[in-house]
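Only one structure is covered here, and it is reproduced in the block below.
The values are calculated or read from the model by the stated rules, or taken from the named source; none is laboratory data. Computed from a prediction, not measured in an experiment: that's the story for all the values here. Cβ placement follows ideal geometry from the backbone for every residue including glycine, while neighbour counts extend to all protein chains displayed. The accessibility values were calculated without ligands, DNA or RNA, using every heavy atom of the protein model including side chains. Shrake-Rupley method; radii C 1.70, N 1.55, O 1.52, S 1.80 Å.
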Amino acid sequence: MTAQNNSQESATPASAILLVIGAGLLFSFLDASAKYLVLGGMAAPFVSWMRFAVHVVLFVVLFRPWTNIRMLRAHSLPLQVLRAVFLFGSTFFNFLALNTLQLAQTMSIFFFAPMVITALAGPLLGEWAGWRRWLAIAAGFVGVLVITRPGVASFEMGHVFALCSMLSYSFYVIMTRSMGATETPESLIFYSALAPVILMLPAVPATASMPHGALQWIILLSLGFYGGFGHWLLIKAYRQATTAALAPYPYLQMVWMICFGYVVFDQFPDRYTLGGAGIIVASGLYIVHREHRLRLKNRTAPNTEDEELAKKL
């Protein structure tokens with residue numbers, strides 16, 4: 001590989017970095033707002049449904065899908081729906097977890113998702129990880145155990161909900177990777193918001209709880225903006241730079257979560273949460289580093305045998 005290619009590989013536009021940081025800030029607003037509403041007595045299923053309902057309305061108003069049939073074309077509608085269910089499950093379980101856990105705790109567990117995705121990519125996508133990345137996955141799992149401390153008094157259902165949210169998101173990402181070759185980006189965005197709204201509609205009357213006052217109304221309606229615009233910023237960012245190049249920057253979201261938790265809810269993570277989060281972040285960054293090195297080795301491997309050897313590194 002030439003020096004020019006190496007510089008292109010490592011170069012990351014500042015605009016892409018700012019877009020990822022902006023998306024993380026919006027997602028932090030989303031979680032903090034949801035926690036505020038749930039603690040205020042609103043049901044998590046209804047808050048989750050409203051997040052996607054407002055997202056759909058904004059998407060239709062801004063992008064007018066009837067003018068672009070690509071937004072509505074689905075190669076496999078059942079897979080689109082299943083992928084959307086995983087995304088909704090991630091949001092729903094996260095909002096349940098926020099009822100009892102701190103923002104930093106849920107985010108720390110959520111950061112284990114890249115390691116789960118790396119592990120699942122082998123049997124589901126044929127993208128097998130090498131032994132070094134498996135060690136990083138094991139280290140990340142230790143970080144989760146440090147945060148949740150199963151078997152001791154601090155372990156609660158909130159940790160279970162946070163783990164379910166993380167697992168749902170991992171399967172959502174795996175399906176996104178798998179469907180990316182056959183589905184248009186527009187349809188993936190559209191159906192991931194529309195399907196949860198339709199599927200959960202029968203449950204809305206039983207879980208709906210009207211906001212108390214103008215402030216709760218504003219916060220509730222803002223959820224769709226935070227989620228939808230945050231995902232739009234990520235799409236823009238990944239058009240400018242590779243996933244590996246941008247992978248470290250979402251971890252800055254932990255800073256926003258700690259700040260929101262302290263300022264809004266007067267909560268600061270304990271030493272177990274901070275220690276476990278540090279282990280998970282370090283493990284995730286190492287996996288990013290190994291995948292970056294693997295991509296470089298694959299590009300320079302002279303034959304198939306050398307390429308397969310590179311994958312085991």
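Put simply, of Ser165, Ser170, Ser209 the only residue that is touching a residue at least 60 places away in the same chain (Cβ under 8 Å) and either part of a helix (DSSP H, G or I) or surrounded by 16 or more Cβ atoms within 10 Å (Cβ to Cβ) (or both) is Ser165. For His75, state whether it is over 16 Å from Val197 (Cβ atoms) and either in contact (Cβ under 8 Å) with a residue 60 or more places away in the chain or part of a helix (DSSP H, G or I) (or both). It is true that His75 is over 16 Å from Val197 (Cβ atoms) and either in contact (Cβ under 8 Å) with a residue 60 or more places away in the chain or part of a helix (DSSP H, G or I) (or both).
Yes or no, residue by residue, for (1) closer than 25 Å to Gln253 by Cβ; (2) open to solvent by 40 Å² or more (accessible area, probe 1.4 Å); (3) part of a loop (DSSP other than H, G, I, E, B):
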position	(1), (2), (3)
Ala23	yes, no, no
Ser28	yes, no, no
Ala32	yes, no, no
Tyr36	yes, yes, no
Gly41	no, yes, yes
Pro45	yes, no, no
Ala53	yes, no, no
Arg70	no, yes, no
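Taken over the stretch 179-206, the residue count meeting the criterion of being touching a residue at least 12 places away in the same chain (Cβ under 8 Å) and open to solvent by less than 70 Å² (accessible area, probe 1.4 Å) is 18. Check whether at least one residue in the stretch 100-113 is outside any helix (DSSP H, G or I), among the aliphatic types (A, V, I, L, M), open to solvent by less than 20 Å² (accessible area, probe 1.4 Å) and in contact (Cβ under 8 Å) with a residue 24 or more places away in the chain, and report yes or no. Yes - at least one qualifying residue is present in the stretch 100-113.
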